[in-house]
Amino acid sequence: MANKPFAITLKPGTSLNNLTGSWRSERPVYLDRLPPCNNACPAGENIQGWLFHAESGDYEQAWRVLVQDNPLPAAMGRVCYHPCETACNRGQLDTSVGINSVERFLGDEAIKRGWKFDAPAATTGKKVLVVGAGPSGLSAAYHLARMGHQVEIQEAGPLAGGMMRFGIPKYRLPRDVLDAEVQRILDLGVTLKYDSKVANIQQSMKDGGFDAAFLAVGAHIGKRAMIPAGDASHIVDAVSVLRSMEGEDKPMLGRKVVVYGGGNTAIDVARSVKRMGGEPIIVYRRTRDKAPAHDFEIEEALQEGVMIKWLSTIKQAEVGEITVEKMELDEKGFPQPTGEFEKLEADSVVLALGQDVDLSLLEGVPGLEVKDGVVQVASNMMTGFAGIFAGGDMVPSERTVTVAVGHGKKAARHIDAWLRGESYEPAAKHEIAEYKNLNTWYYSDAHKTVRPMLDMIRRQTSFDEVQGGLDETNALFEARRCLSCGNCFECDNCYGVCPDNAVIKLGPGKGFEFKYDYCKGCGLCVEECPCGSIKMVPEDI
Amino acid sequence: MSLQTVKFYQTGTYTVGNRLLGPDDRSVQSGELRSNSINSGHRACQGCGEALGARYAIDAAMAESNNQLIAVNATGCLEVFSTPYPESSWQLPWIHSLFGNAAAVATGVAAALKVKGKTDVRVVAQGGDGGTTDIGFGCLSGMFERNDDVLYICYDNEAYMNTGVQRSSATPPTARTATTMPVGKEPGNVFGQGKSVPEIAMAHGIPYVATATVADLRDLEYKVRKAMKMHGARYIHIFVPCPLGWGSASHDTIKLARLAKETGMFPVFEAEHGEVTSVLKIRNKQPIEEYLKPQKRFAHLFGKHAHPEMVAHLQAIADRNIRKYGLLDEEKAHG
Amino acid sequence: MLKQIEGSKAVAEAIALCRPEVICAYPISPQTHIVEALGEMVKSEKLTPCEFINVESEFAAMSVAIGSSAAGARSYTATASQGLLFMVEAVYNAAGLGLPIVMTVANRAIGAPINIWNDHSDSLSQRDSGWMQLFAETNQEAVDLHIQAFKLAEELSMPIMVCMDGFILTHAFERVDIPTQEQVDGYLPTFDPRQSLDPKEPISIGAMVGPEAFMEVKYLAHAKQMQALELIPQLAAEFKQQFGRESGGLVRTYRAEDAETMIVAMGSVLGTVKDTVDEMREQGHKIGVLGIISYRPFPLQEVRAALVNCKRFVVLEKSLAVGMGGIVATDVRMAVSGTGLKGFTAIAGLGGRNITKASLHKLFLEAEQEKLEPVTFVDLDWEVVNKQLEREKQNRHSGPIAENILYDKGMSTSAKFG
């Protein structure tokens, strides 16, 4: 430049000497907000995290991220009531992302491709006994095994799966899918002993030389209601009915079957009865909107021809018929008898009024607390007896497969810590990524892929799956509908919209960094971040 | 319009980049090696639309010309904030001569390149709305008429911002500026006849005319790159909000550009040889108030002494743009 | 090669021999013939490679030249009068950016009233623009100065105006020796710009400079013109070597040896002045001439040296600093300051009024006798002027001056000859 005209002519790019960062009163910072789906997931899945990989078509990586939290995606992708989708921010934009169906696609893909879990890096030499091969027990066993512990499951029954097998009809969860996912856990080196009912937990632990135990025996005893009956033989409980459907001999319920209750189990039974050629009538004492069953299940049941009598209680059960009393809701919303009666044909009555836990194996264990028929556990899932943990339907919680899987994971982490003489402190939850944190302009308008439904007739007459899965094209489509709430998905907006080039792009998978020497703090990056993973914080001046 | 056929539902085609796209389909701005034609350290205000628009445009032109580019700059904010002695932000050969002659200087540069047989080196001229639609208009028209091999880019922030926010012929009716104060019977800028330089450019029949905003990078880059593939006189008019002059939040720069387009206030289109060849459809039509309210320059239209008749008049202008350019699509298709 | 040729055409041929790469043209009399001829040469590919650009204004003409020069092309344009004023902003800019553009100014008066004829008001208005200005006395000198101008401009990276009197020179058919291409090529090297817009070496030209460096920038421009004072005689000497004739330089004296009265002038009027001086010399008057070729930079030392031995001088100039008097005279007086020399200013030939030998004879005699007012308006029609002044004294709204004067002229003509 020496020979160039003084001052009039300048060297290129020399403005780097001018550090405009000093203008700033607020600075942008990258953050991960907790996506509402992740927050809502009882199994603690990193949904946004695995969708991120599914979006790029890397299904195996997506599955691997998924199974860090849940070893049963194919099952969960079918039976989970997907609170994630209810929480999904996209629901406020068009309709929520079909997370559940993508999960199922990934689960099925894993089975199809024979993906295996990674073996633990090292073994710990510790032995853990898991009692019960239901979702909670399988989940705990899986997580413990991946942490390097030696795990043995003792299952009272002849088959694994617990309520996934004995409580959920085949049309919702085909058994080959369940078997495949259980087998994959066993392939990790988990030992599973069938027909091994643990009668005394302390004894079993001592006999097997176990360092800790996780109890997940579930709740299998159907609740009875006091119904005056001339002949009680045609009154059965829902759990038994569903369990017997697993066997060769289908239960003999007759043509007219009254199902008593308004939960998902009642619906499952009624729909199963319909498939067996019966004529189910659900009797429930309150209204549809008060029923604990998911509305979409009620809707599907009604579409299949299941009759439902709302605001009715069974007063009397005789052979071939029952008497119901009409109810009405008082101002507080509780059903009150009206004195109006009606008779219904009924070859049998199935009670779907909930289940109790068989706590016999815990007899004599000191320090245990049982309340409302369930075992009390601390926040680390440990019972009052050190080294014995419990989860699933046998502890106070919502009784779903997903919650159970979550319990298994949580318990495994605490057991692992306990075995090392430490305690497990979960990381503090990030702030929730709310809809208002998003800039939805950047998302195209796309409609939810409607899962192909089997036609009505087929659904009513067989136990084939009601909902078909996504194929690869629409799974990809569905995954890409994710808004990635609160978590950078490398859209490059911050990098692009900065008028001061004050954002460094670190390369694929590495995200971005601010060049605070030049950032003037205009806030454009925050405003134009689609997913809300940047925020402004005051500068210390 | 932005030739993006793959639809990514997560990111759409609206974000700057997209890890899901192949390298060829990515925007220039998303590239780690983009030229950053205007380097950090420039003295533009926080959230400056012009600094952003200029980097978008010049980086795209750099990419398309294989970095064989010379820029000519009219006097104005862009010039002042980028080259105060002793530092320059520009990373390409750049010259500033005067307020009103950027188009002519560019003609001269193009002529020199032609005579020297440097056919690979291309020329862009750039200026603000004052330097383009007012004082530089004569030279601009001359350059168009001769069909000189220059891409002229106007960064329109609708007033003379560098001198302290005075009215230009691109200032919208009712807007407050230092020379159109919100006082008297008809506060703010007058309802004149307007002056659409893109349309005037089209009347010259030049090969390419386009409008764009900083809110749609891909469209902007597509247009700059398309223009750079052509020869002869080309004109791109880029809408660049000015937080200082408009009295808007520095983080609203892109939002306001988006709203200008979504309300129909700023029609986004392209034309070849005087004929409109495509328009960027409105995706989610907004009433004009959505655009006006975040800007203090329109504050006198609302509040205690509101002027609903003026708002209605502005809405009518937007509606006329929508009709004239067919900005609303029945199918709501968008690019 | 000797040619009987119009001044404009001769200059056009000289420009072409200098191999300009970009020529911008906008019509204004009396420079049109120059660019017309160049346009034809480019179109017929006699001058190639060269871009000939018909622009839409003089402002654009200079702006295009700024662009092409900054991009490393030898650039040329021509203008006059209003055209020069219309491009003023760009004129200053070209100088400020140090771009070696060569521009012919076919000197013409500035309106209003609009007038197409010769005087020096136009280029002299650009005295402080930073451009160098060389004034041609003859068409031969106009040709020669253009060739020297490219070399001078490019050597210093400074623009230059070659000033030739409109119509008097531009439209005069005279015998001119047009050099050969080989001669010019041997004298004028190819343009090696000091700064150039080039993607290989990106620079930013035209930065905003604040108080911290502005004065230095301006001083450096001044310093360059001071360098030109040394370079101009050098280039004239080289020119003589290459082309075999004297042309250019800073100043030129005529019969000045023992002169007691010196006449100082620029441009073509020097011919009439010399003729008059020849006649007066024959009559025994000790009178000589100082022709100024380089008006900017102004050769203070050379002017002082040429005048220091005389007793009095008259600056005869075709320009008027309204409200003050002479323009060139001011500079000349500065050159001789402290010598006690008596100096007179004579304003003549404004708007193309003929400067006759008779008038000059009378003027010079009065100067010799030191009877002149400090500022003399040669051949001014005092009758008309006084009438108008009287009229204005009586009535503020006395109507347009120009029309009144024409009316008065008509009246007086009819009175005299009617």
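Computed quantities for the displayed model
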{"item": "Hey, C:Gly340 on the phi > 0 side of the Ramachandran plot, at pLDDT below 95 and over 18 Å from the mean Cα position of the chain (by Cα) or not", "result": "yes"}
{"item": "Those helices (runs of 4 or more DSSP H) lying entirely in region A:465-541 with at least 2 residues closer than 24 Å to A:Ala87 by Cβ and of a type in the set (A, V, I, L, M)", "result": "A:472-479"}
{"item": "Selection from region A:199-220 of residues that are farther than 16 Å from A:Pro135 by Cβ and under 28 Å from the mean Cα position of the chain (by Cα)", "result": "A:Ala212, A:Ala213"}
{"item": "Hey, A:Ser462 more than 7 Å from chain B (Cβ to nearest Cβ) and at pLDDT below 95 or not", "result": "yes"}
{"item": "Listing of helices (runs of 4 or more DSSP H) fully contained in region A:23-108 that carry 3 or more residues being within 14 Å of chain B (Cβ to nearest Cβ) and modelled with pLDDT under 95", "result": "A:47-55"}
{"item": "Test for B:Lys223: is it of a type outside the set (Gly, Ala, Ser) and part of a loop (DSSP other than H, G, I, E, B)", "result": "no"}
{"item": "B:Ala170, sole failed condition from (1) assigned to a helix (DSSP H, G or I); (2) in contact with a strand residue (DSSP E or B) (Cβ under 7 Å, 6 or more places away or on another chain)", "result": "(1)"}
{"item": "Filter result for the condition that a residue is surrounded by fewer than 24 Cβ atoms within 10 Å (Cβ to Cβ), at pLDDT 90 or above, farther than 30 Å from A:Glu331 by Cα and assigned by TED's automatic domain parsing to the domain that holds A:Val306, over A:Glu246, A:Glu279", "result": "A:Glu279"}
{"item": "Candidate set from region A:401-425 (those that are in contact with a helix residue (DSSP H, G or I) (Cβ under 8 Å, 6 or more places away or on another chain) and not in a helix (DSSP H, G or I)); member that is surrounded by the fewest Cβ atoms within 10 Å (Cβ to Cβ)", "result": "A:Ser423"}
{"item": "In region C:161-217, residue farthest from the other protein chains (Cβ to nearest Cβ) [restricted to those that are of a type in the set (Lys, Arg) and under 30 Å from B:Gln68 (Cα atoms)]", "result": "C:Lys200"}
{"item": "Residues of region C:336-348 satisfying the condition of being buried (at least 18 other Cβ atoms within 10 Å of the Cβ) and of a type outside the set (A, V, I, L, M, F, W, C)", "result": "C:Gly343, C:Thr345"}
{"item": "Complete set of residues in region C:289-335 that are surrounded by 21 or more Cβ atoms within 10 Å (Cβ to Cβ) and farther than 26 Å from C:Val105 by Cα", "result": "C:Ala306, C:Leu307, C:Cys310, C:Phe313"}
{"item": "Candidates B:His251, B:His313, B:His237, B:His305 - the one that is part of a strand (DSSP E or B) and either buried (at least 21 other Cβ atoms within 10 Å of the Cβ) or not hydroxyl-bearing (Ser, Thr, Tyr) (or both)", "result": "B:His237"}
{"item": "Among residues of region A:316-343, those that are among the basic types (Lys, Arg), surrounded by 12 or more Cβ atoms within 10 Å (Cβ to Cβ) and either under 35 Å from the mean Cα position of the chain (by Cα) or at pLDDT below 90 (or both), counted", "result": "0"}
{"item": "Residue in region A:484-498 that is touching a residue at least 12 places away in the same chain (Cβ under 8 Å), surrounded by fewer than 23 Cβ atoms within 10 Å (Cβ to Cβ), closer than 25 Å to B:Phe81 by Cα and more than 38 Å from the chain's Cα centre (by Cα) present", "result": "no"}
{"item": "Single condition C:Arg127 does not satisfy, out of (1) within 30 Å of C:Ala213 (Cβ to Cβ); (2) buried (at least 22 other Cβ atoms within 10 Å of the Cβ); (3) in contact (Cβ under 8 Å) with a residue 12 or more places away in the chain", "result": "(2)"}
{"item": "Considering residues of region B:1-16 that are out of contact with any Gly (no Cβ under 7 Å at 6 or more places or on another chain) and at the interface with another protein chain (Cβ under 7 Å from one of its Cβ atoms) only, the residue modelled with the highest pLDDT", "result": "B:Thr15"}
{"item": "Checking A:Leu34 against (1) among the aliphatic types (A, V, I, L, M); (2) more than 23 Å from B:Ser250 (Cβ to Cβ); (3) over 17 Å from the mean Cα position of the chain (by Cα), the condition it does not meet", "result": "(3)"}
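Conditions (1) more than 9 Å from chain A (Cβ to nearest Cβ); (2) modelled with pLDDT under 90; (3) over 24 Å from C:Val209 (Cα atoms), marked per residue:
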site: B:Asn39; (1), (2), (3): no, no, no
site: B:Tyr56; (1), (2), (3): no, no, yes
site: B:Ala63; (1), (2), (3): yes, no, yes
site: B:Asn66; (1), (2), (3): yes, no, yes
site: B:Gly76; (1), (2), (3): yes, no, no
site: B:Ser89; (1), (2), (3): no, no, no
site: B:Ser97; (1), (2), (3): yes, no, no
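The values are calculated or read from the model by the stated rules, or taken from the named source; none is laboratory data. Everything numeric here is computed off the predicted structure, so don't read it as measured data. Cβ: placed from backbone, ideal geometry, glycine included. Neighbour counts: every protein chain shown.
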